[in-house]
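J.: What follows is a single structure, and I will ask about it in a moment.
The values are calculated or read from the model by the stated rules, or taken from the named source; none is laboratory data. Everything numeric here is computed off the predicted structure, so don't read it as measured data. Every residue, glycine as well, gets a Cβ built from its backbone with ideal geometry; the counts of neighbours run over all protein chains shown.
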Amino acid sequence: MADGIKSLEITAPDGLEIIAVCVKAGSAKQGLGAQIDYFYSSQLSVTISHYSGKDISHYSVMYGSRPEVRRRHSRARGRQRQPRDRP
């Protein structure tokens, strides 16, 4: 990441939600490690920062299917599995 970025907004791609974010800033020598935040309710967009207030050096995001998308796919799969009537 570019220097000087202390916070960043992340938006989930269509059909996905943000489950967790790992943010790294500073170094282990400074006693600063990775900060991992888990989201237990649907998050389509979050603003991330490191608890230390230092610039973000890098981050990673875990995405998951949004509940309504999971239900829609589950119903579609269920319909495909039903046996067809044969004469």
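J.: Given the conditions (1) modelled with pLDDT of 90 or more; (2) over 10 Å from the mean Cα position of the chain (by Cα), which single one is not true for Tyr40?
T.: (1)
J.: Condition first: surrounded by 10 or more Cβ atoms within 10 Å (Cβ to Cβ) and either modelled with pLDDT of 90 or more or part of a loop (DSSP other than H, G, I, E, B) (or both). Can you find one or more residues in segment 66-77 that meet it?
T.: Looking for residues that are surrounded by 10 or more Cβ atoms within 10 Å (Cβ to Cβ) and either modelled with pLDDT of 90 or more or part of a loop (DSSP other than H, G, I, E, B) (or both), one finds at least one in segment 66-77, hence yes.
J.: Another question, if that's okay. What residue, among those in segment 4-55 that are assigned to a loop (DSSP other than H, G, I, E, B) and of a type in the set (Ser, Thr, Tyr), is farthest from Arg66 (Cα to Cα)?
T.: It comes out as Ser27.
J.: What residue, of Met62, Met1, is part of a loop (DSSP other than H, G, I, E, B) and either surrounded by 10 or more Cβ atoms within 10 Å (Cβ to Cβ) or of a type in the set (Val, Ile, Thr) (or both)? Step through it out loud before you land on a result.
T.: Numbers: Met62 fails: part of a loop (DSSP other than H, G, I, E, B).
Met1 is the lone residue from the list that is part of a loop (DSSP other than H, G, I, E, B) and either surrounded by 10 or more Cβ atoms within 10 Å (Cβ to Cβ) or of a type in the set (Val, Ile, Thr) (or both).
J.: Quick one: what pairs do we get from segment 19-43, first residue surrounded by 13 or more Cβ atoms within 10 Å (Cβ to Cβ) and of a type in the set (D, E, K, R), second assigned to a loop (DSSP other than H, G, I, E, B) and at pLDDT below 95, C-beta under 6 Å, 6+ apart or different chains?
T.: Here the result reads Lys24/Ala34; Lys24/Ser57, each pair linking segment 19-43 to a residue that is assigned to a loop (DSSP other than H, G, I, E, B) and at pLDDT below 95.
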